[in-house]
1. What helices (runs of 4 or more DSSP H), lying completely within region 62-163, carry at least 3 residues that are closer than 23 Å to residue 292 by Cα and not basic (Lys, Arg)?
2. Give region 243-279 a look and list any residue that's within 10 Å of the ligand (Cβ to nearest atom) and of a type in the set (A, V, I, L, M), or say none.
3. Does any residue in region 263-279 that is assigned by TED's automatic domain parsing to the domain that holds residue 97 come within less than 6 Å, Cβ to Cβ, of a residue that is aromatic (Phe, Trp, Tyr) and not in a strand (DSSP E or B) six or more places away or on a different chain, and which pairs are these?
4. Just the residues that are of a type in the set (A, V, I, L, M) and touching a Lys or Arg at 6+ places or on another chain (Cβ under 6 Å), please, taken from region 172-198.
5. Do we have residue 235 as surrounded by fewer than 17 Cβ atoms within 10 Å (Cβ to Cβ), away from the ligand (no atom under 16 Å from the Cβ) and in the same structural domain as residue 188 (by TED's automatic domain parsing) here?
6. Give region 1-40 a look and list any residue that's without any contact (Cβ under 8 Å) to a residue 40 or more places away in the chain and either in contact with a Pro (Cβ under 8 Å, 6 or more places away or on another chain) or crowded, with 17+ Cβ neighbours inside 10 Å (or both), or say none.
7. Any chance region 196-208 includes a residue that's out of contact with any helix residue (DSSP H, G or I) (no Cβ under 9 Å at 6 or more places or on another chain), more than 30 Å from residue 298 (Cβ to Cβ), assigned by TED's automatic domain parsing to the domain that holds residue 15 and modelled with pLDDT under 95?
Amino acid sequence: MKNSKFLNNIICSDALELLSQIENDSIDVVLTDPPYFLDKLDNNWDYDEVSNQNNQQVVTSLPAGMKFDREQGRKFYTWYLKISEEIFRVLKPGGFFFSFSSPRLYHRMASAIDDAGFEIRDSFMWLYTQNQAKAMGVDHFINKMNADEKDKEEIKEKLSGWKTPQIKSCFEPIAMAQKPTSQTYLNNMLKYEVGLFNTNVRIGDDNMYPANVFTVESINELIDKTFLLPKPTKKEKGEYNDHKTVKPLAICEYLIKLSVFSKNAVVLDPFVGSGTTAMAAKKLGKNYIGIDVNEKYVKISEKRLREIDEKPDLFITVMDIEKREKRSFQEQLQIA
Ligand SMILES: C[S@@+](CC[C@H](N)C(=O)[O-])C[C@H]1O[C@@H](n2cnc3c(N)ncnc32)[C@H](O)[C@@H]1O
């Protein structure tokens, strides 16, 4: 079997280095959540620095993740172009590449994927309501102005409610790219077992056709009915898991189920973090290859993957049309 020494392993390595060892046209789907290139979350991601980042009380400058630096987007593009070219090489013809990003730098990521040869077919939106606005008021800076107190108070009153330009961020975009098929969709599917989408997969509380919007929190009746995926359980993250950007298992499961057909499919995540993509693949009975440059995250991934074997019932499943029961996700969670 191709890539046998990497199959069903989490490998501690720089992604580019390991990708270069993966065989051409051998991977069914790549699902990944790369560093977003905001502040310290770049390709030199340091475990200790990132873990402690939110402990700093920043008053005199913008909070972590919000400093505007045009170079970040450029560096992201240059680096992700190389990554995407490797991903293009290792994917089977017609294989899908799903890549999470931030609303701020999505355009750089999508351009890199596009320039590597992929067809950008669509983008998904992961919708959520719970997030803190990162904007800062300007009172602190007004206090430091060389002006008398009365003028400062007037300026404060005039600018009351005006803050630095960051609004509450409530979605994450995910690129849906496809390596061009080598033949017609049907022939490509018959030859490589990738290229079409599985519309038996259901979303929402009412058996809906797959959509490019999803959420894992109950918002209101219409949104739940149309876009709701199972909420993450407390157990699925693992109490020991201190990764800052753990994705919900149900989202990874949804994207894999939409795109993976083959019994022996291989799901690749070159930035696997605490292992969520690999867990979803394993839960669905598919092979995985996970890569992360940081050994501590590799250990966390391995521990989470063991838990799938030990306590499979803790992890809820995205339904498809035949298996879907009439119970809502919330009811199923209680059962689990
Ligand atoms: C956004 S996180 C992924 C989180 C993951 N989706 C989860 O649910 O836990 C990105 C990961 O990329 C890893 N990383 C950063 N630079 C890397 C590189 N050059 N090669 C491989 N991994 C890298 C970081 O250590 C981090 O864990």
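The values are calculated or read from the model by the stated rules, or taken from the named source; none is laboratory data. Since this is a predicted model, take the numbers as computed values, not measurements. Methodologically, a virtual Cβ is constructed for each residue, glycine included, from the backbone with ideal geometry; neighbour enumeration extends over all protein chains shown.
1. 70-90, 106-115
2. To start, the set of residues in region 243-279 that are within 10 Å of the ligand (Cβ to nearest atom) comprises 243-249, 251-252, 269-279.
Of everything in region 243-279, those that are within 10 Å of the ligand (Cβ to nearest atom) and of a type in the set (A, V, I, L, M) turn out to be 246, 249, 251, 272, 278, 279.
3. 273/297; 274/297
4. Pass one, region 172-198, residues of a type in the set (A, V, I, L, M): 174-177, 186, 189-190, 194, 196.
Of everything in region 172-198, those that are of a type in the set (A, V, I, L, M) and touching a Lys or Arg at 6+ places or on another chain (Cβ under 6 Å) turn out to be 176, 194.
5. no
6. Matches in region 1-40: 39 only.
7. Residues of region 196-208 that are out of contact with any helix residue (DSSP H, G or I) (no Cβ under 9 Å at 6 or more places or on another chain), as a first pass: 202, 207.
Retained after the next criterion (residues that are more than 30 Å from residue 298 (Cβ to Cβ)): 202, 207.
Cutting the leftovers down to assigned by TED's automatic domain parsing to the domain that holds residue 15 gives us 202, 207.
From what's left, modelled with pLDDT under 95: 202, 207.
Yes, region 196-208 contains at least one residue that is out of contact with any helix residue (DSSP H, G or I) (no Cβ under 9 Å at 6 or more places or on another chain), more than 30 Å from residue 298 (Cβ to Cβ), assigned by TED's automatic domain parsing to the domain that holds residue 15 and modelled with pLDDT under 95.
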